[in-house]
Each structure stands twice: as C-alpha cells, then as structure tokens.
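The values are calculated or read from the model by the stated rules, or taken from the named source; none is laboratory data. Note that this is a predicted model, so its numbers are computed, not measured. Glycine also receives a Cβ, built like all others from the backbone with ideal geometry; neighbour counts cover every protein chain displayed. Accessible surface areas use protein heavy atoms only, side chains included; no ligands, DNA or RNA. Shrake-Rupley method; radii C 1.70, N 1.55, O 1.52, S 1.80 Å.
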Amino acid sequence: MSAAIKYKTSVFVHCNKSTIFNDLTNRAFAGDEDDIALLARLADSPNTLRDISSFPDIKRLDERLEFFLRENLLVPASNDETLDFIPHRVDIETCRQCNARCQFCPQSVSPKSRGVMPLDLFSLILSRLEGNTPEWVAFNHYGEPLIDPFFRRRVEMLRERNIPLTLFTNGILMKDDVVDFLAEGGVYRIVFNFPSLEPSEWCQLMQMPEQSYWKARRAIETSLKTNSNIPQGIVISVNGVTSTQARRAQGIKDYFLSFGDFQVRTVSSNSRAGAIQNELVQISSHSAWQGYGGCARIVGQLHISSEGRVYLCCQDYDQNVILGDIRQESISAIMTGPLARQLRAEMFGLAPMKRGRLCLNCNVLREGRFYN
C-alpha cells in the first residue's frame, strides 16, 4: 500500500447520530463522535494514511483506520465510485394490477393496466442474477403479487436457486393453502399492508368492502400461527399519515399479539416522488443544483418492470426513468451504464442535480451525510 495514496470517505457513507451506514455494502456500524468527525473530515479533504495517522484529535486512530479500510468506508481518492453497484435487493414487477385502491397509494388515482410477467422472462432475470445472490427478491411495484397466476411457480423457482422472497401483500387473497405453501420455505419476510384493526377505518383507507377486511385479517392471524420460522419474521405495515396512525398501530399490536411474534411498522406514506398528493401522504421537494447526500437505491437495489425494463427505483411509479433492458443487457452493463452513473453522481453530490429529476420530489434523497 503506497504511502502516497490519498484516501477519502466513500461517497456511499453517511452517518446518523451514532450509526455509520455504507449504502454500497448494505452494512451499518456503531460509531462515536470521533469516528464521525474523521469520516466527515476525509469526505472533504482526502489524505494519505501517514497524514491521517498524525491527526492529534482522533482517539484510537490506528484501530479505526484499519476498520474503515476493511469495510470500504475509506477508499482511494482516485476511485470512480459512479461505477459501483451491488444488487442487494431486487424488485420484480411480476404483476401490475392491485385489488385494492389504498388512499395513500398511486394505484388509487392512476391504476396500472393489466400485465403479468412471462415465466421465461422471469427465468432470464434469475439467470442474470447468478453470481450476485441478493439479500432478497420481492414481487413488487404497487401491484398485488397474489393476483399473479404464476405466483407459486415463481416462488418455487426462487427456492431452486436459494433466493429468499420478501412478500409485500395486502393479504386479501392469501387463503390458508397459500399460507401453508409459503410455510414450506424460501420466505425471508412477509409484510402485510394493514392500516387499521377497525373494519370501517380499514375499508375507508383501503377503499375495499368489509368482506376483504375479514379475509386480510384472517390471513395475518393464520400466517402468525403458521409461519414462525421466517428469518426476518412478519411485519404489519400501518400506512396513512394521520393523527390516528399511532392509535391504529397500537390497536393492531394489541390484537395480533396472541397469534405470534411480529413487528408493527408505522410508515410515513409519501407522495412517491409526486405520483400522489393528499392529506394522507407526506410531500417532499428539494432544490436543484444542491450537493446531495445520496440514496441507497441507485447503488444497492434493482427494479425490473413486467416487460423486463430496468427503471430507476420503487418511487418511480410510472417507470419514467429507464436505465436499460434486462432482455438485452447484463445487470452490470445496465447499472454501470451512462445514465446510471450520471444519476449516481448527482444523488451522491459528485455532480449538480439536473432540473426536472424525479429525485427532486422524493423524500428518500438525503440532503446531507453527517448528522451528530
């Protein structure tokens, strides 16, 4: 290792109080004030290891430097990080339709047309992932995956390749035989969209009849009793940013507790980069030309439409930003292509954000990197 090489804090590193995150490796670490101070300093002023070792105000410096280098928190300043991408999570739009019209979802104002991904295209995607096994795959982009006539076969294909499934569902179509099928293995996590335990409130938020409420509630009850060995468990997601959200979450927690272990997650429903705007969603906007602090999606997540196009992210409801086509190119070629690199540069403050970018209306884009 040359003493003349200068090192910088990777652009993919950001800190929130006492936690250090690396978007590229999808890892998080505990850190103290000295750690964050050192990373913030080297983000703006790269230095050689010899110079860094002489900093008088950072404790346990040698130990921390070794750790930072090993975890790619520090990288050579000459590295072009716009080329970096690792598909930790993959969203595959197996089915475009949804059977609900949740008030906090764009499907309620601009429902998607029918569309199911062919099995041969799904098989091609899985072959493209060989050598890059993700943490999980989801059958997801605002559609209900259980509408898909090939749902079970797709799960079996994931099992054959040891690729875990994270299932996002409203549960309405999850009959007992589906619960039993999922209990056979291959599921990493099940996330139920279930905004209220009160039938009338659920029906209002989901814009669905009461019979659908009882189906969804039974699906959660049965899943909690049956699927006890899922690595990341079952999550009940409580959407809709209202004054009743905390009360709704507590009611769900109290009721389902007797059925099995689970997590309740209150979700700050957002405008999906401007795709929906009402009193139930939080709306964010940013100013163009600012140096931003990054977004994990462009370096660690892959999003594939039912037609095989790779689009920007889960916030891109209409799939307006197309990075490539999985039918024609490898994942690496698409995610290190000119547009992906340009977007990475803009999101991580390496280049000015162009006006009109979808990201400027997105609550996920960070405006800074270091917060004590």
* Asked: Limited to the range 22-39, what total is found for residues that are under 20 Å from His88 (Cβ atoms) and in contact (Cβ under 8 Å) with a residue 12 or more places away in the chain?
  -> 7
* Give the residue, chosen from Ile190, Ile220, that is of a type in the set (A, V, I, L, M, F, W, C), part of a strand (DSSP E or B) and at pLDDT 95 or above. => Ile190
* Asked: Of (1) within 28 Å of Glu279 (Cα to Cα); (2) assigned to a loop (DSSP other than H, G, I, E, B); (3) in contact (Cβ under 8 Å) with a residue 24 or more places away in the chain, Gln107 satisfies all except one. Which?
  -> (2)
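A quick yes/no check of all residues on (1) open to solvent by 50 Å² or more (accessible area, probe 1.4 Å); (2) in contact with a His (Cβ under 6 Å, 6 or more places away or on another chain); (3) hydrophobic (A, V, I, L, M, F, W, C):
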position	(1), (2), (3)
Thr19	no, no, no
Gly31	no, no, no
Asp34	no, no, no
Ala40	no, no, yes
Thr48	no, no, no
Pro56	yes, no, no
* **Neighbours by Cβ (under 8 Å, 6+ apart or cross-chain): first from the range 235-264, in contact (Cβ under 8 Å) with a residue 24 or more places away in the chain; second assigned to a strand (DSSP E or B) and open to solvent by 50 Å² or more (accessible area, probe 1.4 Å)** => Val235/Gln263; Val235/Arg265; Ile236/Gln263; Ile236/Arg265; Ser237/Arg265; Val238/Arg265; Val238/Thr266; Val241/Gln282
* **Residue tally, condition among the basic types (Lys, Arg), open to solvent by less than 70 Å² (accessible area, probe 1.4 Å) and in a loop (DSSP other than H, G, I, E, B), over the range 346-371** => 2
* Exactly one of (1) under 30 Å from Asp325 (Cβ atoms); (2) in contact with a strand residue (DSSP E or B) (Cβ under 6 Å, 6 or more places away or on another chain); (3) open to solvent by less than 70 Å² (accessible area, probe 1.4 Å) is unmet by Arg89. Its number? -> (3)
* **Answer residue from the range 277-320, given it is of a type in the set (Val, Ile, Thr) and more than 17 Å from the chain's Cα centre (by Cα) and is surrounded by the fewest Cβ atoms within 10 Å (Cβ to Cβ) among those** => Ile283
* To do: Give Pro111, Pro106 a once-over and let me know the one that is farther than 23 Å from Ala345 by Cα and touching a Phe, Trp or Tyr at 6+ places or on another chain (Cβ under 6 Å).
  => Pro106
* Structure fact -> Only one of (1) at pLDDT 95 or above; (2) of a type in the set (A, V, I, L, M, F, W, C); (3) surrounded by 14 or more Cβ atoms within 10 Å (Cβ to Cβ) does not apply to Leu69, and that is (1)
* Go through the residues of the range 249-262 one by one and say whether even a single one is in a strand (DSSP E or B) and polar (S, T, N, Q). => no
* To do: Mind listing just one residue for me: the one in the range 41-66 that is assigned to a loop (DSSP other than H, G, I, E, B) and at pLDDT 85 or above and, of those, farthest from Tyr371 (Cα to Cα)?
  => Pro46
* Structure fact -> Here the residues within the range 263-295 that are assigned to a loop (DSSP other than H, G, I, E, B) and either β-branched (Val, Ile, Thr) or at positive phi (or both) are Val267, Arg272, Ala273, Gly274, Ile276, Val281, Ile283, Trp289
